[in-house]
Amino acid sequence: NGRVKRFDYKPEKPTSDQITTEVFVYDAPKLLATLDRIAAEKKGARQKDAGKKEDPDAAHLGDIGDELIPNLVKAGEAYAYAPGGYWLDVG
């Protein structure tokens, strides 16, 4: 059904011949709930480290491949579409 079951972000040694072209479509409520969950997890981690110096970037979401996509995959809410045919990385 296209559900993504595993996501390796920029692997040194790829284990698959599939790639992401970084064209994403989101269900807005699920996206916002996932971002809220990530923020809450980061806040909880910061509270555990309360005695340490505060990192001003700790609450910010970095590259979506580091946190957002893996969270959606883990929750079973990421799906892939394989368009087939030829593609070329022009970047």
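The values are calculated or read from the model by the stated rules, or taken from the named source; none is laboratory data. No experiment lies behind these values; they were computed from the predicted model shown. No Cβ is skipped: glycine too gets one built from the backbone with ideal geometry, and neighbour counts run over all protein chains shown. Each accessible area value is taken on the protein alone, full model and side chains, heavy atoms only, with ligands, DNA and RNA left out. Shrake-Rupley method; radii C 1.70, N 1.55, O 1.52, S 1.80 Å.
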Failed item, numbered, when HIS60 is tested on (1) at pLDDT 85 or above; (2) assigned to a loop (DSSP other than H, G, I, E, B); (3) open to solvent by 60 Å² or more (accessible area, probe 1.4 Å): (1)
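From the residues in region 73-87 that are modelled with pLDDT of 85 or more and over 13 Å from GLY2 (Cβ atoms), which one is most open to solvent (accessible area, probe 1.4 Å)? Full working, then the answer.
At the first step, the residues of region 73-87 found to be modelled with pLDDT of 85 or more are 73-80.
Checking which are over 13 Å from GLY2 (Cβ atoms) leaves us with 74-75.
Details: LYS74: 180, ALA75: 51 Å².
The residue in question is LYS74.
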Restricting region 7-33 to residues that are surrounded by 10 or more Cβ atoms within 10 Å (Cβ to Cβ) and modelled with pLDDT of 90 or more, the residue that is nearest to GLY85 (Cα to Cα): TYR26
